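**Q** My questions will all concern the structure given below.
The values are calculated or read from the model by the stated rules, or taken from the named source; none is laboratory data. Everything quoted here is computed from the prediction, not taken from an experiment. Positions of Cβ are backbone-derived with ideal geometry, glycine not excepted, and every protein chain shown enters the neighbour counts.
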Amino acid sequence: MSNRISVLAGAAKSLITAGVLTAGLATAPAQAETYPQRPITLVVATAAGGPGDVIARLIADRMSIVLGQQVMVENAAGGGGIIGAARAARAKPDGYTLLIHQTGITIAPALYPKLPFDVEKDLTAVGLVNVSYAFLVGRKTLPADNIKGLVDWMKGPGKPAKFAHPGTGSMGHLTTVVFAKEIGAEIDAVPYRGVGPGLNDLMGGHVDLIWAGPGVALPQIKAGTVKVFAFNGDKRSPVLSNVPSTGELGYKEADIPFWQALFAPAGTPRPIIDQLNAALREAVKDPRVVKAFEDSGAETYPPEKQTVEAANDFIRSEVARWRKVVSENNIKADQP
């Protein structure tokens with residue numbers, strides 16, 4: 001009798017377990033069918049008013065129309081973008097908390113071993129938003145007038161070139177390190193509190209070179225207050241096509257994109273991720289968004305790179321890339 005009761009109890013337990021699993025599998029499609037039912041929070045890991053915030057708000061406006069619910073921007077600046085990322089990573093994975101972040105989120109794991117989240121385990125990429133690259137500019141009094149002359153000068157005798165950058169572990173710093181290593185030149189890396197101060201000192205003749213994004217570099221290039229030597233993409237810049245790209249020059253490692261991506265907490269049901277990806281694709285085609293990209297020197301990714309799979313593959317490759325760069329160059333940064 002006791003054996004029979006055990007068998008029946010086991011069978012009942014199996015049926016209950018199967019029922020729970022079946023219910024769980026049915027929940028995700030059901031959520032997607034009714035999603036979204038209330039406003040969505042888009043966490044932006046920068047202060048209000050900056051270029052990234054402006055683009056995030058334009059994307060939020062367009063996604064609101066596509067999704068039929070308001071996408072509200074919440075600025076969570078501080079800690080080099082870590083505060084905002086942690087806020088999103090800890091959120092419930094139901095599609096109602098999203099995050100826009102940039103290249104720095106994949107650099108952080110290599111620099112800070114005690115992050116309050118794991119980029120690859122706690123977040124999932126919904127899609128890539130945009131991409132831009134930087135110009136290598138130098139003071140007007142440099143003896144070189146083109147990239148070949150610059151490389152020869154940097155590798156020649158005398159003191160190493162003074163290379164300004166916006167802080168240890170920043171993308172500008174890592175780009176500087178990667179470029180110097182690829183051309184085989186010693187440099188004196190000089191940290192600043194941002195690209196702007198570094199560029200000002202360059203124009204004052206206190207440093208020699210800096211990698212600067214289009215937003216700050218183009219006005220000075222067009223005004224003739226700096227020399228421009230290269231654009232660190234695989235092809236030339238559409239806004240300054242006379243400047244050679246590092247890709248065509250053979251400096252493949254210096255092909256370093258600055259990108260933005262949309263994330264959701266890991267575990268968000270795939271049907272919801274797909275809805276969000278579709279809304280993001282519509283948003284980046286909006287003329288106002290395209291114009292904002294162009295004004296900041298950015299552009300959208302081609303359609304084949306706008307998929308969920310492509311975005312997550314790219315994020316993983318970026319994490320691996322920066323771990324290698326930071327490790328090989330023994331770069332240390334204080335925990336923000």
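**Q** When you go through 94, 145, 152 one by one, which is the residue that is assigned to a helix (DSSP H, G or I) and of a type in the set (Asp, Glu)?
**A** Selected residue: 152, the only one of 94, 145, 152 that is assigned to a helix (DSSP H, G or I) and of a type in the set (Asp, Glu).
**Q** A further question on this structure: Can you pull out the residues in region 104-119 that are under 24 Å from residue 254 (Cα atoms) and surrounded by fewer than 20 Cβ atoms within 10 Å (Cβ to Cβ)?
**A** Across region 104-119, the qualifying residues are 104, 109, 112.
**Q** Also, I was wondering about something else. Would region 287-302 turn up any residue that is more than 20 Å from residue 58 (Cβ to Cβ) and modelled with pLDDT under 95?
**A** yes
**Q** Limited to region 298-328, what total is found for residues that are outside any helix (DSSP H, G or I) and surrounded by fewer than 14 Cβ atoms within 10 Å (Cβ to Cβ)?
**A** So the count comes out to 1.
**Q** Right, something else. Among the numbered conditions (1) part of a loop (DSSP other than H, G, I, E, B); (2) surrounded by fewer than 19 Cβ atoms within 10 Å (Cβ to Cβ), tell me where residue 46 comes up short.
**A** All conditions are met except number (2).
**Q** Here is a further query. I want to confirm something. Restricting to region 270-290 and keeping residues that are touching a Ser or Thr at 6+ places or on another chain (Cβ under 8 Å) and touching a residue at least 60 places away in the same chain (Cβ under 8 Å), which single residue is surrounded by the fewest Cβ atoms within 10 Å (Cβ to Cβ)?
**A** 277
**Q** Right, here's the next one. Can you find, within region 127-141, the residue that is surrounded by the most Cβ atoms within 10 Å (Cβ to Cβ) among those that are part of a strand (DSSP E or B) and within 13 Å of the chain's Cα centre (by Cα)?
**A** It comes out as 129.
**Q** Taking the condition at pLDDT 90 or above and touching a strand residue (DSSP E or B) at 6+ places or on another chain (Cβ under 7 Å), does residue 115 pass?
**A** Spelling it out, it is not the case that residue 115 is at pLDDT 90 or above and touching a strand residue (DSSP E or B) at 6+ places or on another chain (Cβ under 7 Å).
**Q** Please work out which residue is farthest from residue 215 (Cα to Cα), limiting yourself to region 173-186 and to residues that are buried (at least 19 other Cβ atoms within 10 Å of the Cβ) and without any contact (Cβ under 8 Å) to a residue 40 or more places away in the chain.
**A** 180
**Q** Scan region 142-160 for residues that are surrounded by fewer than 21 Cβ atoms within 10 Å (Cβ to Cβ) and in contact (Cβ under 8 Å) with a residue 24 or more places away in the chain and jot them down.
**A** Selection gives 142, 144, 145, 146, 147, 151, 155, 159, 160.
**Q** How many residues are without any contact (Cβ under 8 Å) to a residue 12 or more places away in the chain and part of a loop (DSSP other than H, G, I, E, B) if we restrict to region 49-76?
**A** Residues flagged as without any contact (Cβ under 8 Å) to a residue 12 or more places away in the chain and part of a loop (DSSP other than H, G, I, E, B) within region 49-76 amount to 2.
**Q** Sticking with this structure for a sec: Give the residues of region 151-166 that are hydrophobic (A, V, I, L, M, F, W, C) and more than 18 Å from residue 217 (Cα to Cα), sorted by residue number.
**A** Once the filter is applied, which keeps residues that are hydrophobic (A, V, I, L, M, F, W, C) and more than 18 Å from residue 217 (Cα to Cα), region 151-166 yields 151, 153, 154, 161.
Here's the yes/no breakdown for (1) loosely packed, with under 15 Cβ neighbours inside 10 Å; (2) modelled with pLDDT of 90 or more; (3) charged (D, E, K, R):
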{"site": "20", "(1), (2), (3)": "yes, no, no"}
{"site": "26", "(1), (2), (3)": "yes, no, no"}
{"site": "33", "(1), (2), (3)": "yes, no, yes"}
{"site": "40", "(1), (2), (3)": "no, yes, no"}
{"site": "73", "(1), (2), (3)": "no, yes, no"}
{"site": "80", "(1), (2), (3)": "no, no, no"}
{"site": "87", "(1), (2), (3)": "no, yes, yes"}
{"site": "93", "(1), (2), (3)": "no, yes, no"}
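**Q** Does residue 195 satisfy the criteria of being among the β-branched types (Val, Ile, Thr) and within 30 Å of residue 206 (Cα to Cα)?
**A** yes
**Q** Ok, one more. For a quick check of your reading of the model, give me the residue pairs whose first member lies in region 77-91 and is free of Cβ contacts under 8 Å to residues at least 40 places away in the same chain and part of a loop (DSSP other than H, G, I, E, B), whose second is of a type in the set (S, T, N, Q) and surrounded by 19 or more Cβ atoms within 10 Å (Cβ to Cβ), with beta-carbon atoms closer than 9 Å and at least 6 apart or on different chains.
**A** What qualifies is 77/46.
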